[in-house]
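Accompanying notes for the structure given below.
Rule-based calculations on the coordinates, nothing more; no lab input. Computed from a predicted model, the values in this text were never measured in an experiment. Every residue, glycine among them, receives a Cβ derived from its backbone with ideal geometry; neighbour counts consider all protein chains shown.
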Amino acid sequence: MFPSFFQMPFTYVITISIFIVSIIGFYHKPLYHALLFHPYEVFRGKRIHTLLTSAFVHKGWKHLLINLYIFYIMAKDVETLILNESYSPVQIKIIWLFIFLFSAVLGNLITGWLQKDNINYTSVGASGITFSFTIFAMLYFPLDHSNKPYKFLPLYYGYDYTFAILVICIAMFLIYRKKSKSNHKIHLTGALIGLALAILFRPVLVTEIIYHLKSRW
């Protein structure tokens, strides 16, 4: 069973929009090139809109479907579940939108700055946003292992899972930084942004993480 549109309008609208725009971009290259992120131009004051629009186009089906599946699961929980005890419905929508926009723009700014003088470098995809929502959702209620409605897979949130993902992100950054033309740095950047936002909206998280680590050692 899926939540209603009124329960999570942002997650539905963004997921469907990325899916549709990406498919159009597969077959209509002018649209694809109009939306992709080109740091060389952006850091010279052009195509600023691509800091956000690049999240709506993808390189291929695998890239698109993996991103959308994980994004849907995590963004859904952020919009409908994990913030309910601390924020009003309106505040939750504002926080959700802030996470989406902040992750997209800041993630591209950080990774784009490293390539600002490379005229051949471009980037597309919602990977940074997906990693931000994933780490945010996992850390916000890190010890929550209760069954949640509307789940496709038995994904549980916990510190161990979060730090495992962070380690993988760092490994990907180190492995691919010189060998791949893909923007793998965005995975690490997105994860760190999600971590920072989780702490911003729930500062007690720092104390909980320290306590958890001490108990493991």
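Taking neighbour counts of Cβ atoms within 10 Å as a proxy for exposure, in what order, fewest first, do His38, His28, His63 appear?
His28, His63, His38
Do any trypsin sites (Lys or Arg not before Pro) in the stretch 5-92 lie in a loop, going by DSSP, with at most 13 other beta-carbon atoms within 10 Å of their beta carbon, and if so which?
Within the stretch 5-92, the qualifying trypsin sites (Lys or Arg not before Pro) (loop, at most 13 other Cβ atoms within 10 Å) are Arg44, Lys46.
First check a/c for the stretch 1-138, with a ≥ b ≥ c the square roots of the eigenvalues of its C-alpha gyration tensor; if it is under 1.5, answer rounded, and if not, answer prolate when a/b is larger than b/c or oblate otherwise.
The shape class here is prolate.
Of Lys46/Lys185; Lys29/Lys76; Lys62/Lys185, which pairs sit farther than 25 Å apart, going by alpha carbon to alpha carbon?
Where the Cα-Cα span goes over 25 Å, the pairs concerned are Lys29/Lys76.
At 7 Å along the Cα-to-beta-carbon direction for both Ser86 and Phe6, put a label point, then send me their distance in nm to one decimal.
For the pair Ser86/Phe6, the computed spacing is 2.7 nm.
Sort 126-135, 106-115, 93-102, 198-207 by packing, meaning the average of other beta carbons within 10 Å per residue, with the highest value first.
Per-residue Cβ counts within 10 Å, averaged per peptide and sorted highest first, yield 126-135, 106-115, 93-102, 198-207.
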